[in-house]
Every structure is written in structure tokens, then in C-alpha cells.
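The values are calculated or read from the model by the stated rules, or taken from the named source; none is laboratory data. All of these numbers come straight from a predicted model, not from anything done at the bench. Cβ atoms come from the backbone with ideal geometry, glycine included; neighbour counts cover every protein chain shown. What goes into the accessible areas is simple: the full protein's heavy atoms, side chains included, and nothing from ligands, DNA or RNA. Shrake-Rupley method; radii C 1.70, N 1.55, O 1.52, S 1.80 Å.
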Amino acid sequence: MQHNDVLEGCAGGEAVESCDVLIVGAGFAGMYMLHLARRLGLSAVVVETASGVGGTWFWNRYPGARCDVESMQYSYSFSEELQQEWHWSERYASQPEILAYANYVAMKFDLLRDVKFNTRVMRAAFQEEESRWLVSTDQGTQYRAKWCVMATGCLSAAQTPNILGLETFKGGIYHTGNWPHEGVALSGQNVGVIGTGSSGIQVIPELAKQANHLYVFQRTPNFSIPARNRPMDADYENSWKKNYAERRALARSMPAGILSQFGDKSALAVSAEERRQEYERRWAAGGTSFMAAYPDLLRNAEANDTAAEFVREKIRQAVQDPMVAEPLVPVDHPIGAKRICADTNYFETFNRENVTLVDIRANPIRDISPGGVTAGSDFYELDSLVLATGFDAITGALNKIEIVGRQGLALTEKWRDGPKTFLGLMSTGFPNLFIVTGPGSPSVLTNVIVAIEDNVKWIAECIAYLIDVDAEYIEATASAEETWMEQVRKTAEGTLYIQAKSWYLGVNVPGKPAVFMPYVGGLPTYQKICDDVANEGYRGFSIGKRPN
Ligand code: NAP
């Protein structure tokens, strides 16, 4: 094992720091990877663009930002001490609390000393002759590492829409995915919001409370379930803390890695009245486990429509003016085929006198000028504009880095027609480069902290194995990758997911190939495959002394 965490000279004159593992990103994936790398006795460095840990929770500081997985579950499970001592104050944690948790973890496990903040990785190139990754940053620093782990996150590359004249707008422009850390004073202003996905649905009710007038520019209405957030109940917290190990294990046996009550009958096998009662019960309980009512909701269009219709009715009931309610009712995709949202008073917000819904599907935005937005024939005078327009998801952050594998192969070139990986963990042609929750893994369809922990643990165990067998490199074989991508594609085709124009498919980014990226077979199935692959001596990977 090497521990050569020293500065070396290099031909170009710049210092190159050598380490065993170079980790890109200090979100939940990067932090845990660093912790496990150290446990293996390896030297590891994390390079992070931000000035602090937390990844997506560092950047997404917009008012109302909150997780839609319950806080007792949206947390690391690897340390019993950590999960016992941390106290979550609400059923669903707010962004500041999650960020405080990330910082607490960083302190508790003494992670900060190996994180290079305010540093963006620009390039990572595989040096075939020495089987090392040479990683360069925008600060001029370079790292030579045997293993490179991309912990860059699935929802970390904010997507700014290409709208004519956007750059001419003279007021403030704020993207939810990159919200100013000092906060934004919007009170008394006329504010426009573009986008009504999860971020828009969370920020809109909060902005409505501050703004003089809020204009919501909606292209596609979304399904949303009330979150029913509330202060943490002490008994509930205690019951989790007493049974954490058991509940975490149970959660890992569920498709999304979230402990939920799953219905076991088809939605069509019960009477309309029984179904209605079940939907009412879940609506009252709140949260995204609404979709767990029946196992065929994302497989059978008729079953799906029973749930969709129930939510459509709820929207019509919540919004007083039918002329406003109707454009808020989603009709163009099955419920859950786009990521279902969880809200606090979202639809009710449209009953406020200072909120106007602008249906830009019916009246598209023509342009943005210094004073506001023109949609259809109407001009909306604005002081500030909020872009809740989402992310170049799953591959965006990776593609921002110039990643060069064997024989000069660029990852962006290899993925020109869509990402290709084996298990989302590695891509052929890029030896010793691991991806946490990469395309082809269930990641974004799960409690992502569970997916992260499982992937990171797998990577750490793989590295330990490679050290044991004295291997120089590991690389996914082309045939394993091809077979896996086919399995990812076929699994998605059996579902209704592919019927929505979602970021899962990449169609929210102009020019991005329309390929369904996540593996929809569920976390337990995926994890079993990953474990089997490892137990069979890393079947589907070639392991060797030196690359050819
Ligand atoms: P999103 O779901 O991709 O929504 C983006 C919104 O912007 C959509 O309404 C989209 O309309 C609109 N939009 C994009 N480009 C536009 C354009 N050029 N003109 C007009 N409208 C445009 O992004 P998001 O809301 O940031 O959420 C992304 C994901 O992050 C979520 O699905 C979720 O996984 C995660 N997230 C989670 C939470 C949570 O835990 N509660 C909160 C926020 C985000 P179209 O639909 O018509 O494209």
C-alpha cells in the first residue's frame, strides 16, 4: 500500500501532489469516500469547487429548499454513534439543517484537512504508462492518483434556459440551484419565477410571501403531494433511534431504499371506493410515498390514471378560480413518471391576490428585455427573475470535466449518444475511474444517501481487493457494459417513466441525447447485482498489472 502524500516535481515545472485516491466533490458521496479511503489506510484528497462541504445542499439555498425524504432516513447510516447523536428538528429537513449536518459530519470525522476547497477540477487524464490519473484544477494544482472517484453528484450542474434576451434583464437573476449565500431581499418587488419542478414548487410559496407580486411562468404543470412537514415528534424520533439498524436494513430492502408502506395489490384489483380511501389516507399522511399505494402505478397506464385523477381533483379543489386551476392540472404525463413533488401550500398559493400564473405553454415566452418578460402578447414588468429551471442531471457535472481515458478517449466523446457504464460505477476505456451514483445506477430514484453509501462501500471494497491482489488497474469490459446498458434500457421500457419528457431522459437540456439514464429495477436488485459481481471476483471487469 502506498502512502506517498508528498509533493513531487514534474516535467512541466508545476508541483504534482500524489495520493492513492483523488475524489472529486465534497458532497455526501465525496465525504464518505474520503472516510472509507482513510479506513483502508490510503492517502486521499478531495477537490471541491465550493468553499464548504454539502454538495447540492451547499448550493441550493433558495427559500423553502427542503428534502422530500424524511430526515430520519435522509442521513448516513454508517455510524451508529452519528445517527444516535444527531437530532433532526423536522419531519423533512430544511436545506440549512442538512448543510449543518454535513458540516457536523465533516468535523466529527475530521474530514476537512484533506479537502481542497474553492478548487474546480478541469481535467482528469489517465496516464497509461504508469496507470495513474493526472488531475488538473483551475488553481493550477495537479494530483497524481492511482484511483479517481467522481463524487460529482446527479443534480449539481444548474441548467440556465436559453431564452432570447435573458442576459439583457437589468434586475437580479437567481437560479435556485446556485442561490446567493447572503440571501436575496425580494420583499416589495415584482418577481418572476420560471419553472415549476420540485425547486419551483418549493420556492414559489415562499417568494409569494415576500414579493409585491409574483408571476409564475409555467410550461408544464406537475403533480405534487402535500409534504405535511411538521416539527419532529419526540416519540417518533426515539422509535427510530431505538431501532435504527433494523429499520435501515428494512429500508434497504425496498425499491427506493426508503422505508415506506407498500401496497401489494394492483390498483385495478380493488374497488374504486377502496382505492379512493387509500389515496385519501396517503394524501393526509403526506409525502412521496403516495406512489407506493399500489405496485403497478408506474407500470400500468390505467392504474396510474386512478392516482393521477385523484391528484387532479385535489388540485381543482385547492385552487379557487377554475380558470387558474385548470392550467395547473397535469395532463401530459403519468403521475410519478416525472419526479413527483412534495409541497407546502403550493396550489393554495395561487389563491393569493399577489400571485399570477402565466401559462407559457399557451402563451410562450417571446423574449426577456431589460424590464421584464414578454409571454404571448403580454409584458410582465419585473424587478427580479428566479430560474427554477433544473439541472443538466446525472451526466452534467461529469461532462463539465475534461475526462480522458485510454488512448486519448474523451468521456464526452464516448457518451456522445448517451452515457455508457457498467452498473453506473465504471465506464470502459476509463480504468481506475469510479463514479458514485453514475448513469445506469438507481441513484436519483432512491434515497440518494443510501445509494451513495452502497456505491461508496462497493468502491472501497473493490479498491481493497485490488490492493490485495496487487492489481494495477480495473476496467469494465465492453461486453459487460453493453449488456448492462441493455438491461437498463429494457427495465425502463417496462415502465411508464419513459412516457414523460423528464430530466431522467435528459430532454430538458437542448442537444442532450434522449436516453433514460437511471436503472429502474430498484435498489435491492441493483445492490444484489453489484454484490454478486464483487463476490464473483469482479465479473465483468478486467483486472491486471498494466493496461495494454
Ligand atoms: P426540474 O424538475 O427539471 O424542473 C425545471 C422546471 O423548469 C420545469 O418546470 C421546466 O419546464 C422548467 N423549464 C426549464 N427550462 C425552461 C424554459 N426554457 N422555459 C420555460 N420553462 C423551463 O428541476 P428542479 O425543479 O430543480 O428539480 C430537479 C430535481 O431536483 C427534482 O426532480 C428532484 O429530484 C431534485 N429536487 C429535490 C427537491 C426535494 O428533495 N424536495 C427539491 C428540489 C429539487 P418543463 O417541465 O416544461 O421542461
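Some notes on this structure:
- When residues of the range 90-110 are limited to those that are touching a residue at least 40 places away in the same chain (Cβ under 8 Å) and assigned to a helix (DSSP H, G or I), the one surrounded by the fewest Cβ atoms within 10 Å (Cβ to Cβ): ASN103
- Qualifying residue in the range 289-310 (condition: closer than 30 Å to ASP378 by Cβ, in contact with a Ser or Thr (Cβ under 8 Å, 6 or more places away or on another chain) and within 16 Å of the ligand (Cβ to nearest atom)): no
- When residues of the range 376-397 are limited to those that are open to solvent by less than 40 Å² (accessible area, probe 1.4 Å) and in a strand (DSSP E or B), the one nearest to ALA492 (Cα to Cα): PHE391
- Pair list, Cβ < 8 Å and 6+ apart or interchain, from the range 57-81 residues that are β-branched (Val, Ile, Thr) to residues that are in a loop (DSSP other than H, G, I, E, B): VAL69/TYR92; VAL69/ILE258; VAL69/ASN447
- Residue list for the range 387-414, filter: more than 30 Å from VAL203 (Cβ to Cβ) and either within 16 Å of the ligand (Cβ to nearest atom) or touching a residue at least 40 places away in the same chain (Cβ under 8 Å) (or both): GLU402, ILE403, VAL404, GLY405, ARG406, GLN407
- Residues (of a type in the set (A, V, I, L, M, F, W, C) and over 30 Å from GLY429 (Cβ atoms)) located in the range 101-146: ALA102, VAL105, ALA106, MET107, PHE109, LEU111, LEU112, PHE117
- Whichever residue in the range 494-527 is open to solvent by 40 Å² or more (accessible area, probe 1.4 Å) and part of a helix (DSSP H, G or I) and, among such residues, is nearest to the ligand (Cβ to nearest atom): GLN499
- The single condition among (1) touching a residue at least 60 places away in the same chain (Cβ under 8 Å); (2) crowded, with 16+ Cβ neighbours inside 10 Å that VAL488 does not satisfy is (1).
- Among the residues of the range 18-42, those identified as closer than 14 Å to ILE463 by Cα, surrounded by fewer than 23 Cβ atoms within 10 Å (Cβ to Cβ) and not charged (D, E, K, R) are HIS35, LEU36, LEU40, GLY41.
- Tally of residues being surrounded by 24 or more Cβ atoms within 10 Å (Cβ to Cβ), part of a helix (DSSP H, G or I) and of a type in the set (A, V, I, L, M) across the range 435-458: 5
- Matching residues, the range 241-266, being open to solvent by less than 80 Å² (accessible area, probe 1.4 Å), part of a loop (DSSP other than H, G, I, E, B) and closer than 26 Å to ALA303 by Cα: SER253, MET254, PRO255, ALA256, GLY257, ILE258, LEU259, SER260, GLY263, SER266
- Residue in the range 277-287 that is modelled with pLDDT of 95 or more and in contact with a strand residue (DSSP E or B) (Cβ under 6 Å, 6 or more places away or on another chain) present: yes
- Residues that are assigned to a loop (DSSP other than H, G, I, E, B) and among the acidic types (Asp, Glu), drawn from the range 528-546: GLU536
- Restricting the range 360-375 to residues that are aliphatic (A, V, I, L, M) and buried (at least 18 other Cβ atoms within 10 Å of the Cβ), the residue that is nearest to SER224 (Cα to Cα) is ILE360.
- Residues that are open to solvent by less than 30 Å² (accessible area, probe 1.4 Å) and either among the polar types (S, T, N, Q) or not in a helix (DSSP H, G or I) (or both), drawn from the range 464-474: ALA471, TYR473, ILE474
Quick grid of which residues meet (1) assigned to a loop (DSSP other than H, G, I, E, B); (2) farther than 24 Å from PRO255 by Cα; (3) away from the ligand (no atom under 16 Å from the Cβ):
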position	(1), (2), (3)
THR374	no, yes, no
GLY418	yes, yes, yes
GLY429	yes, yes, yes
ALA480	no, no, yes
MET485	no, no, yes
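- Of all the residues in the range 349-359, those that are touching a residue at least 40 places away in the same chain (Cβ under 8 Å) and open to solvent by 20 Å² or more (accessible area, probe 1.4 Å) number 5.
- Residues in the range 287-338 that are open to solvent by 30 Å² or more (accessible area, probe 1.4 Å), in contact (Cβ under 8 Å) with a residue 24 or more places away in the chain, more than 26 Å from MET254 (Cβ to Cβ) and more than 27 Å from the chain's Cα centre (by Cα): GLN320, ASP321, VAL324, PRO327.
- Residue satisfying condition, being surrounded by fewer than 18 Cβ atoms within 10 Å (Cβ to Cβ) and closer than 23 Å to ARG132 by Cβ, within set THR477, THR428: THR477
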